[in-house]
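Computed from the coordinates by the stated procedures, all read-outs in this text should not be read as laboratory data. Because the structure is predicted, anything quoted here is derived from the model rather than measured. Cβ sites come from the backbone with ideal geometry, for glycine too, and all protein chains shown count toward neighbours.
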Amino acid sequence: MSALLAACALVGCGASSSEAKDVGQNVAKPEAKNAKGEMRPDDATSASIGFVAAALGASAAEAARGNCRPGMVSIDDRFCIDKYEAALLEVSDRDEKPFSPYAVVAPEQHVRAVSLAHVVPQGYISRNSADKACMASGKRLCDVSEWQKACRGPEKKQWGYGDDRQPGRCNDSGKNPVMSYYGPRYDSTTMNKPELNQMEGTLSKTGEHSGCANGYGVYDMVGNLHEWVADPHGSFYGGYYQDVASVGHGEGCGYKTTAHNESYHDYSTGFRCCADIQGADSAVTVSPAAELPTTPDPAPAPAKKKKKKSKKH
């Protein structure tokens, strides 16, 4: 039963970059949920539970197949990157189980990163914890140039899918959960509450926005969650579900935040991993992994015709 509940946590049963933005509406405060106890499966994700169940039996790191590990894609045969924003498995001496995507990742917790479609990605994580989670799966955090290249796609587009923003194509127009629950109170306590990313209209599952992809087949690099990169001083890219374009941060793939150190975390901070092409040394020993069932990737939405826009003065 505990394993099933943990699996539900992973699949979602149930500001600027972390700076606050008022949604401009008086929203009734929703009922708060804890990190583990109030998540229920929905019809759209019931199939994902079997996918996660297979991951429960996976070993400490996925076995390399082809040029890249499962769940990763090759970027021009130069490096590999996770196709989706990372979810976490909690590792013990006996087994692995999904870690709640709505819980803060403490420095002492043993977790590793996995790249899966149609699951709730991990927020509430620091750069240091994200780095350790990648290394535990034989991967690493992406450096800035790798992240930028993967985000912009082979055609080097500002938004990955194109040079002009198409609001709603990515998860980029969400609600402000801190304001909805707590009003204009932004601190390390309110910004790490588990109920924030469980509020409707906030965090999406990986690949749910099928058009938020590029020619490499990488999803959600703009919006949804900020993504930590391998900057020892702390920086994250891509914006999150409430802000992907603002003064001082940039827009789309160029959106970045450098205001926080490597131990910072809040509801908006996530990550994905990179790895060297097969044959390079790994940070950990890769043991054989259980076979994971395959699920079809969401098909990228067709690009809309570019319209000329008049400049605003």
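Taken one residue at a time, the phi angles of region 87-103 give Karplus couplings (6.51, -1.76, 1.60, θ = phi - 60°) of 10, 10, 10, 8, 9, 10, 5, 9, 6, 10, 8, x, 8, 4, x, 9, 10 Hz. Gly and Pro are set to x. Summing +1 for each Lys or Arg and -1 for each Asp or Glu among the other residues whose beta-carbon sits under 12 angstrom from that of Leu141 gives -2. With a Förster radius of 25 Å applied to the C-beta separation of Ser246 and Asp163, the computed FRET efficiency comes to 0.85.
Ranked highest first by average number of other Cβ atoms within 10 Å, how do 133-142, 100-109 line up?
Listed from highest to lowest mean packing, they are 133-142, 100-109.
About the centre of its Cα atoms, region 190-269 shows a dipole size close to 40 debye [charges on the beta carbon of Lys, Arg (+1) and Asp, Glu (-1) only; nearest 20 debye]. Listing Phe99, Phe236 from fewest to most neighbouring C-beta atoms within 10 Å gives Phe99, Phe236.
Evaluating 6.51 cos²θ - 1.76 cosθ + 1.60 at θ = phi - 60° for every residue in region 191-204, the Karplus couplings come out as 7, 10, 6, x, 6, 4, 7, 9, 5, 4, x, 10, 6, 9 Hz, glycine and proline recorded as x. Using a simple spin-label model with pseudo-atoms 7 Å out from Cα toward Cβ, Asn67 and Tyr186 lie 4.1 nm apart.
Lys and Arg at +1, Asp and Glu at -1: add these up for the other residues within a Cβ distance under 12 Å of Gly153 and post the number. Net charge around Gly153: +1. The distance linking region 73-91 with region 203-280 is 13 Å (Cα centroid to Cα centroid, whole angstrom). For the pair Gln278 and Ser263, the difference between a 0.36 nm per residue extended length and the Cα-Cα distance amounts to 2.3 nm. Modelled spin labels at His110 and Ser173, positioned 7 Å past Cα toward Cβ, are 4.6 nm from each other.
Under 5 Å from the amide H of Met72 lie the amide H atoms of Lys83, each residue being 5 or more positions distant or on a separate chain, with H modelled from the backbone and absent for Pro and chain starts.
Protection proxy ranking for 68-74, 193-199, using the average of other Cβ atoms within 10 Å per residue and placing the highest first: 193-199, 68-74.
Taking 0.36 nm per residue of separation and subtracting the current Cα-Cα distance, fully stretching the chain between Val144 and Glu200 would add 17.0 nm.
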